[in-house]
Every structure is written in structure tokens, then in C-alpha cells.
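Asker: To start, I am sharing the structure in question, which I have written as C-alpha cells.
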Amino acid sequence: MGIFARLGTLIKSNINELISKAEDPEKMLSQVLLEMQQQLVEAKKQVAMAIADEKRLQKQFDGENEKSKDWERKAMLAVRAGDDALAKEALLRKAEHDDIAGQYQHQWLAQKAAVDKLKDALRLLSNKIDEAKRKKNLLVARKKRAEAQRTIAETMSGLSDASAFETFDRMTAKIDQLEAEAEAGAELAGALSGDDLESKFKQLEAGNHSADAALSDLKAKMGLAAPSKPRGELPAAGQSSLTEEDLKELEDLNLGEGAAQGGSEEDERSFRSGKDD
């Protein structure tokens, strides 16, 4: 085989392969069904023409039979009239029509047999087309199911790709970096404005006050001292800040001072009355 022959074979094989890959089963089946439908229409036309020929031959056969019967009646009429010569001529004409009728009958019967075969073939073609339609629907359903399975498989293989998850991890790290930079910028801005020093002292004062309050509460719980009150907390209007023990002690002091004051006045009166005497 020469170089050009091998090259031609290679080109033809490549073309056939491209055609095979480009074929869409659904479109190809639809095209085949369309062609079969067209063949069915043409077959129906041919069968209709054959049936028409059969009917025409049958009518011609029936017509020759009627003519033959008519010449037979004429021959009978001539015999009754006693004219045998005329009766013979009528019988000869009858024989001619019988011969033509026989030929028409032979053609009619042959055409009728052909029409019956064409009808069977037409019926078979129609059944095949119906079967092809059912097969086409089944094949199309199988094709769509196969395509859906292939799409699912491709999607699953894409989800199993590690690059997608690596992208998520990389974006997460980048967002973490942006948040850290934003917090650092805010902290730096506070330090430059002097707020950082003031906030440190506030935190220190709050910590000391919290420790003192906790120690006072612990001593009060142990019965060693009264619970401490937060700094700056004042008694409400109309409410005394003294405890019950403080009030009782003040009441005892008031009573003692009153008694002492009453005794001195009485001694002074006695002293004055003795002096007068």
C-alpha cells in the first residue's frame, strides 16, 4: 500500500471517528423515525394506487361479464324468433367478451394478491415504526440517566478535589490576618492618643478597689468586721447609715448624760439651801 493510500485511509478513519463522536443518539433516533414515517407515507400511496388498479380491473372484468350475458340474451331472443344465423353471431360476440373477461379476471386476481401482500407489508411497517417509537423513548431515557450519572460522578470528583478545601483554608488564614492587623491598628491608635496610660490607671484602681471590697466582705462573713460599702455610696434620702448597735449605743449615752445632769442640779440646790441656813 502506497503512502497516499495509507494517508487516505487514516483521514477516512479520523473523519468516521469524529462523525461517531458527534452523533447524538436522541437526534439520530428522531431522524430515523422521521425517515421511517416518510417511508410509511410513500408505502401507503403505493398501496392505495395498487388498490385502485385492483378495483379498475375488477370493474372491467365485471363489465365484460355483463356484455357476455347481454349477447347471450340476444342469442336466445334470435332462437325464439327462429333466426339461428343471428343467434350464432350473437354467441360469437358473447365468446369474445368471455375471453376478454377471462383475461381481466386473471389480471384482477393477480393484482388482488399483490395488494394483499402490500397491505401486510404496510401493516408490518406501521408496527415496526410503533415499536421503534417505544424503543426510542426507552433509549432516550437510558441516555438521560447515563448523562445524569456522569454529571453526578463529575460533580463528586470535583468535590473530592483538595484544591477547593485548600482555598477555604487560605482564605480563612487571610481573614485572620486582616482581623489581627485591624486590632493592632486600633491598639496603636489608642497608644498614640494617650488613652492607653489612662486606661492602665483605671484598670489598676478598679483592681485595688475590687481586692479591698473582697477582703472586707470576707471579714464580715467571719464576724470580724462589718461588710464594707463601696466607695462613694451614700445612704438614700430618709435612710440612716447607722446600724442597730450604733443606735442603741447612742441611746445609752443620751440616758447617762441626762442622769448625770439631773444629779448635779439637785446637789447644787442642796448646797444653796444649806448656805442660806
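Read-outs: derived from the displayed coordinates by stated rules, not from any lab. Worth saying up front: this structure is predicted, and the values here are computed from it rather than measured. We place every Cβ from the backbone using ideal geometry, glycine too, and count neighbours over all the protein chains shown.
Asker: Assign unit charges at the C-beta atoms only (+1 for Lys and Arg, -1 for Asp and Glu), then state the dipole size of region 28-156 relative to its Cα centre in Debye, rounded to the nearest 20. Write out the running numbers ahead of the final one.
Answerer: Details: 27 positive and 21 negative charges, 236 e Å.
Around 1140 debye, computed over region 28-156.
Asker: Between Leu138 and Val32, what length comes free when the chain is fully extended (0.36 nm per residue of separation minus the Cα-Cα distance, one decimal in nm)? Present the calculation step by step, with values, prior to reporting the outcome.
Answerer: Values: separation 106, 0.36 × 106 = 38.16 nm, distance 1.51 nm.
Full extension of this stretch gives 36.7 nm more.
Asker: Another question about this same structure. Would you please give the FRET efficiency between Lys219 and Glu147, computed as 1/(1 + (r/R0)^6) with r the Cβ-Cβ distance and R0 = 51 Å, to the nearest 0.05?
Answerer: Numbers: r = 83 Å, r/R0 = 1.63.
With R0 = 51 Å, the Cβ-Cβ based efficiency is 0.05.
Asker: Residue separation times 0.36 nm, minus the C-alpha to C-alpha distance between Met171 and Leu86: what's the value?
Answerer: Details: separation 85, 0.36 × 85 = 30.60 nm, distance 12.19 nm.
Additional length available on full extension: 18.4 nm.
Asker: Once you keep just the Cα pairs under 8 angstrom separated by 6 or more residues, what percentage relative contact order results for region 20-132? Before the final figure, lay out each step's value.
Answerer: Numbers: 79 pairs, mean separation 41.8, N = 113.
Relative contact order for region 20-132 comes out at 37 percent.
Asker: From the residues Leu29, Ala87, Asn127, which one has its Cα farthest along the dipole of region 3-158 in the positive direction, the dipole being from +1 and -1 charges on Cβ of Lys/Arg and Asp/Glu about the Cα centre?
Answerer: Result: Leu29.
Asker: Grab the Cα-Cα distance for Ser157 and Ala114, subtract it from 0.36 nm times how many residues apart they are, and report the gain in nm with one decimal.
Answerer: Values: separation 43, 0.36 × 43 = 15.48 nm, distance 6.25 nm.
So the extension gain works out to 9.2 nm.
Asker: What nm value, rounded to one decimal, do you get for the distance between His106 and Gln39 when each label is placed 7 Å out toward the C-beta?
Answerer: It is 3.5 nm.
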